[in-house]
């Protein structure tokens, strides 16, 4: 029986682990299917407070992990396969182990939707990005492209014009799913160009560990073309890692967990933190803050139920 089990080991889960461990709650942290979260997919993080020269994403994650371990947090690898939250103690199955918990903090994060091509995987963090706010600064005065046709792509492209010389939006259709206001905003920006209907076939050049161009295929006539760019941003949305909680925890129509009064979910003793419940900010620092809140809420819950 564990006082606190934390699902997820990104900024939210690790911050929750630090706070819970310092409160002597001996938390168990289940890494999940993306150990370290999205920070492990980026290179330099320059907007996390306390690092004036920036810090590598994986290095920041590792430092937070060591900090949690120092105070007594324990880590287990493997993704969560099922949860039983109808009654306490809660039961969580991960990597053929079953954990019983008096409280549960869900910090499973959200995974960026990707194109699914090999060169994309090899260049993520090396010119391919899923976060304009995180990486836009590195593309000052360069020509870049954004893939997508929804609000996410329009928002990313508009933000990137603060830094880039030119931003080309690539969409597989001539029509866009984006709301009229977001599309109009992008179209009225002189730095943004549109290229449709195309799909990205390949990103060049993985061998150089740098983005030099994207190979595009016109979906109407299959014509192949090359677009020289220094960076490619994937703006086709995020998928919260909440499938295992369906039917037990309240979530919105897109799968993000609903929280109230801080980090509380609809089930007493279950708390949610980070990108698994935040589709608006999605920053390392906001995830860390909500992880702190979840750990403090769990501690208060345990105090109230131990009397």
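Structure summary
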| quantity | calculated |
| --- | --- |
| Test: residue in segment 13-20 that is modelled with pLDDT under 95 and either in the same structural domain as residue 297 (by TED's automatic domain parsing) or not in a strand (DSSP E or B) (or both) | no |
| Test: residue in segment 223-232 that is farther than 20 Å from residue 127 by Cα and either at pLDDT 95 or above or in a strand (DSSP E or B) (or both) | yes |
| Residue ID - nearest to the chain's Cα centre (by Cα), chosen from residues in segment 100-117 that are touching a residue at least 40 places away in the same chain (Cβ under 8 Å), surrounded by fewer than 21 Cβ atoms within 10 Å (Cβ to Cβ) and more than 22 Å from residue 284 (Cβ to Cβ) | 115 |
| Boolean, residue 178 is assigned to a helix (DSSP H, G or I), assigned by TED's automatic domain parsing to the domain that holds residue 118 and without any contact (Cβ under 8 Å) to a residue 60 or more places away in the chain | no |
| Counted residues, segment 279-297 - those being crowded, with 18+ Cβ neighbours inside 10 Å and without any contact (Cβ under 8 Å) to a residue 40 or more places away in the chain | 2 |
| The one condition in (1) touching a residue at least 40 places away in the same chain (Cβ under 8 Å); (2) part of a helix (DSSP H, G or I) that residue 300 fails to fulfil | (1) |
| Failed condition for residue 261, given (1) in the same structural domain as residue 283 (by TED's automatic domain parsing); (2) surrounded by 13 or more Cβ atoms within 10 Å (Cβ to Cβ); (3) touching a helix residue (DSSP H, G or I) at 6+ places or on another chain (Cβ under 9 Å) | (2) |
| Complete set of residues in segment 17-66 that are without any contact (Cβ under 8 Å) to a residue 40 or more places away in the chain and within 25 Å of residue 244 (Cα to Cα) | 36, 40 |
| Counted residues, segment 200-252 - those being without any contact (Cβ under 8 Å) to a residue 40 or more places away in the chain and within 16 Å of residue 278 (Cβ to Cβ) | 3 |
| Hits in segment 133-166 (condition: touching a strand residue (DSSP E or B) at 6+ places or on another chain (Cβ under 6 Å) and closer than 24 Å to residue 279 by Cα) | 135, 145, 146, 147, 153, 156, 157, 160, 161 |
| Verdict on residue 123 being closer than 30 Å to residue 300 by Cα and touching a residue at least 60 places away in the same chain (Cβ under 8 Å) | no |
| Residue check, residue 194 free of Cβ contacts under 8 Å to residues at least 60 places away in the same chain and in contact with a helix residue (DSSP H, G or I) (Cβ under 7 Å, 6 or more places away or on another chain) | no |
| Residue ranges of helices (runs of 4 or more DSSP H) in segment 57-146 with at least 2 members outside the structural domain of residue 207 (by TED's automatic domain parsing) | 57-70 |
| Output for segment 37-54, where each listed residue is touching a helix residue (DSSP H, G or I) at 6+ places or on another chain (Cβ under 8 Å) and either on the phi > 0 side of the Ramachandran plot or crowded, with 16+ Cβ neighbours inside 10 Å (or both) | 37, 38, 39, 40, 41, 42, 43, 44, 45, 48 |
| Filter result (out of contact with any strand residue (DSSP E or B) (no Cβ under 7 Å at 6 or more places or on another chain) and part of a loop (DSSP other than H, G, I, E, B)) within segment 255-278 | 261, 262, 266, 267, 268, 278 |
| Residues being assigned to a loop (DSSP other than H, G, I, E, B) and touching a strand residue (DSSP E or B) at 6+ places or on another chain (Cβ under 8 Å) - total across segment 279-297 | 2 |
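The values are calculated or read from the model by the stated rules, or taken from the named source; none is laboratory data. Bear in mind that the values here come from a model prediction, so they are computed numbers and not experimental data. Every residue, glycine as well, gets a Cβ built from its backbone with ideal geometry; the counts of neighbours run over all protein chains shown.
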